Amino acid sequence: MLTDTRYADSRALHEPLVEKLASESPREAFEWLVGILDAQQPALRSGNATLVAYTGYEDGVSWLERTVASPVTSNWGVAAALLGVPWPRIAGWIAAGGVRRLMGLDSLYAYRAPAPNMSALHQIAAPVLPDQPTRAQLDAVLLPLVANAATPRIEQIVDAIRRNVESILSGRKREVPVCDLPKLYVCPESFPGSRDILAAHDAISDGIRQSISSLVIDEKTKH
């Protein structure tokens, strides 16, 4: 049973959020969730930020914009992309600098085609950037960031965006609309193509767990 939500990570919040999404409106689930996140320390809140997207609530992007703070993990940008933040708003975040710039860049990268290094739900949703810029417009925003004494974090994410630019600006179709994100969180198996993605993700997770277990065993045998 979840008691002190101030210290709850995304795993601890999973079942309570499923219950909220299954029984209440997106707004009610959103208000419950952000009430918890607002009371958490910044690092934990950043780790849980993606959960906001799965409420499917229209004000989620505004909450992300108001609340994003250091440490800015990629979870903020992933949440914004899942909620369908459009290019003009992203460009505004990048121009604003600071934590919003990082969230904007992470949002752009989160719009690439589904890849194994995404979460399974992100792959199933396959968000697509609305109001896409041209390649020239995108470069006009990104290139000055690298030229003007960018941090390693910014250099890395800009490089990743540029390597995936064709995927980010592709004309593919979004697989799960924002309004269906609560259903995706509650019952991902109900969406077309989800079973293969979930199975592959589970196999990767199992492999990581086995590798960690092997390392722990090896360390114990040395002592």
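General remarks:
- Residues satisfying the stated conditions in region 52-82, i.e. assigned to a loop (DSSP other than H, G, I, E, B) and in contact with a Ser or Thr (Cβ under 9 Å, 6 or more places away or on another chain): Tyr57, Val68, Ala69, Ser70, Pro71, Val72, Thr73
- In summary, Thr134 fulfils each of the numbered conditions (1) more than 17 Å from the chain's Cα centre (by Cα); (2) among the polar types (S, T, N, Q); (3) buried (at least 18 other Cβ atoms within 10 Å of the Cβ) with the single exception of condition (3).
- Tally of residues being crowded, with 16+ Cβ neighbours inside 10 Å and out of contact with any Leu (no Cβ under 9 Å at 6 or more places or on another chain) across region 137-149: 1
- Filtering region 12-27 to residues that are touching a residue at least 12 places away in the same chain (Cβ under 8 Å), among the hydrophobic types (A, V, I, L, M, F, W, C) and surrounded by fewer than 16 Cβ atoms within 10 Å (Cβ to Cβ) leaves only Ala22.
Each row is one residue, and each column tells you yes or no for (1) under 11 Å from the mean Cα position of the chain (by Cα); (2) within 30 Å of Arg163 (Cβ to Cβ).
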| residue | (1), (2) |
| --- | --- |
| Leu21 | no, no |
| Tyr54 | yes, yes |
| Thr67 | no, yes |
| Val85 | no, yes |
| Ala95 | no, yes |
| Leu102 | no, yes |
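- Test: Ala115 is without any contact (Cβ under 8 Å) to a residue 12 or more places away in the chain, among the hydrophobic types (A, V, I, L, M, F, W, C) and within 30 Å of Glu19 (Cα to Cα): yes
- Count of region 92-128 residues, restricted to those that are of a type in the set (A, V, I, L, M), surrounded by 14 or more Cβ atoms within 10 Å (Cβ to Cβ) and farther than 15 Å from Val176 by Cβ, is 6.
- From Gly56, Gly97, residue being touching a Cys at 6+ places or on another chain (Cβ under 7 Å) and assigned by TED's automatic domain parsing to the domain that holds Thr151: Gly56
The values are calculated or read from the model by the stated rules, or taken from the named source; none is laboratory data. Just so you know, these numbers come straight off a predicted model, no measurement behind them. Positions of Cβ are backbone-derived with ideal geometry, glycine not excepted, and every protein chain shown enters the neighbour counts.
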